[in-house]
Amino acid sequence: MDLKNKRVIVTGGSDGIGRHICLKLAETGTRLAIFGRNAERLSKVKAECVAAGAVEVVSVACDLQNPHEINAAVSKVTATFGGLDILINNAGIWHKTGPLDTIAPEMLQATVQTNLTGLMQFTQAALPALRSNDESIILNVVSKSGVVAQAGQSVYTATKYGVRGFTEVLKADEENTGVRVGGVYQSGTNTRMFEKAGEDVPNHIFTEPDDLADVVVFVLSRPPKLWIHDIRIEL
């Protein structure tokens, strides 16, 4: 896909992997809608993307734990852009590792709603606009935890296995439409996700988010006959 002037939504775009994806897409001349919960951080990333070369940038404060916010925000963006070409489902949260009985009920609920339910609801809201094009993309930034079970990640891994299954079924469901669906299964990435959850993880084990963003833009820019629907990234 030629990314110039393409209309793109990136969830979780105010920080971490999402911010780096937005900056890389801005360099290709896309029209960007950056979704996140923190309006101040969104404003900063918006300014960075404009400076990097994005044709148009809108920032949208939206909580994936609120389905009403999701529907209203997606409708607003598709109306502003006159449609939608690419959805990158990147938003997610992490729970501190430990046995299931150490994970607070509210953390369990927030992780499932943000990582899995909210992602599906967001995709559901965006799908009609994506289907109206001859060529569209849904790319889910999932995690290595969507393919590998690791101790202490019971709830987080459950959500990521769920996103992997959702991605595979959505790919089959959209096979005869113009919507291409793919998943990115990356190893731990050097962002603030672990720090936000109060977990100290050494940075040397991480993939750099800028490198991961390069991979995402590469995948998006492939022609339909070379679509890379499943990519796994290890340090």
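The table for this structure:
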item	result
Whole-Hz ³J(HN,Hα) from phi, Karplus 6.51 cos²θ - 1.76 cosθ + 1.60, for the range 142-154, glycine and proline x	9, 2, 4, 5, x, 10, 10, 7, 10, 4, x, 10, 3
Normalised contact order of the range 1-119, rounded percent, pairs of Cα under 8 Å and 6 or more residues apart	27
Isotropic mean projected area of the C-alpha convex hull, the range 129-169 (nm²)	3.4
Cα gyration tensor shape of the range 87-161, rounded if a/c is under 1.5, else prolate or oblate by comparing a/b with b/c	prolate
Residues with amide H under 5 Å from that of CYS62, placed H, sequence gap 5 or more	GLY36, ARG37
Max mean-square fluctuation residue, GNM over the chain, Cα-Cα springs under 10 Å, options PHE81, PHE218, PHE122	PHE218
Approximate spin-label separation LYS4-ASP101, in nm, with each point projected 7 Å along Cα-to-Cβ	6.2
Using θ = phi - 60° and Karplus 6.51 cos²θ - 1.76 cosθ + 1.60, couplings along the range 108-122 (whole Hz; Gly, Pro as x)	4, 5, 5, 5, 5, 5, 6, 7, 10, 4, x, 4, 5, 5, 5
Ellipticity estimate at 222 nm from DSSP helix runs (n ≥ 4, -39,500 (n - 2.57)) divided over the chain, nearest 500	-13000 deg cm²/dmol
DSSP loop GluC sites (Glu not before Pro) with at most 16 other Cβ within 10 Å excluded, longest remaining stretch of the chain	1-134
Fluctuation leader among ASN89, ASN71, ASN115 - the chain, Gaussian network, Cα springs under 10 angstrom	ASN71
Number of Lys pairs (Cα under 20 Å; 8 or more positions apart or on different chains) in the chain	20
Cα-based Rg of the range 7-233 normalised by 2.2 N^0.38 Å, two decimals	0.95
Relative contact order of the chain, pairs being alpha-carbon contacts under 8 Å that are 6 or more residues apart, as %	20
Burial ordering of LEU3, LEU23, fewest other beta-carbon atoms within 10 Å first	LEU3, LEU23
HN-Hα J in Hz across the range 73-89 - Karplus 6.51, -1.76, 1.60, θ = phi - 60°, x for Gly and Pro	5, 5, 4, 5, 5, 5, 5, 5, 7, x, x, 7, 10, 9, 10, 10, 7
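Computed from the coordinates by the stated procedures, all read-outs in this text should not be read as laboratory data. Note that the structure is predicted; figures quoted are calculated from it, not measured. All Cβ positions, even for glycine, are placed from backbone atoms using ideal geometry, and neighbour counts span all protein chains on display.
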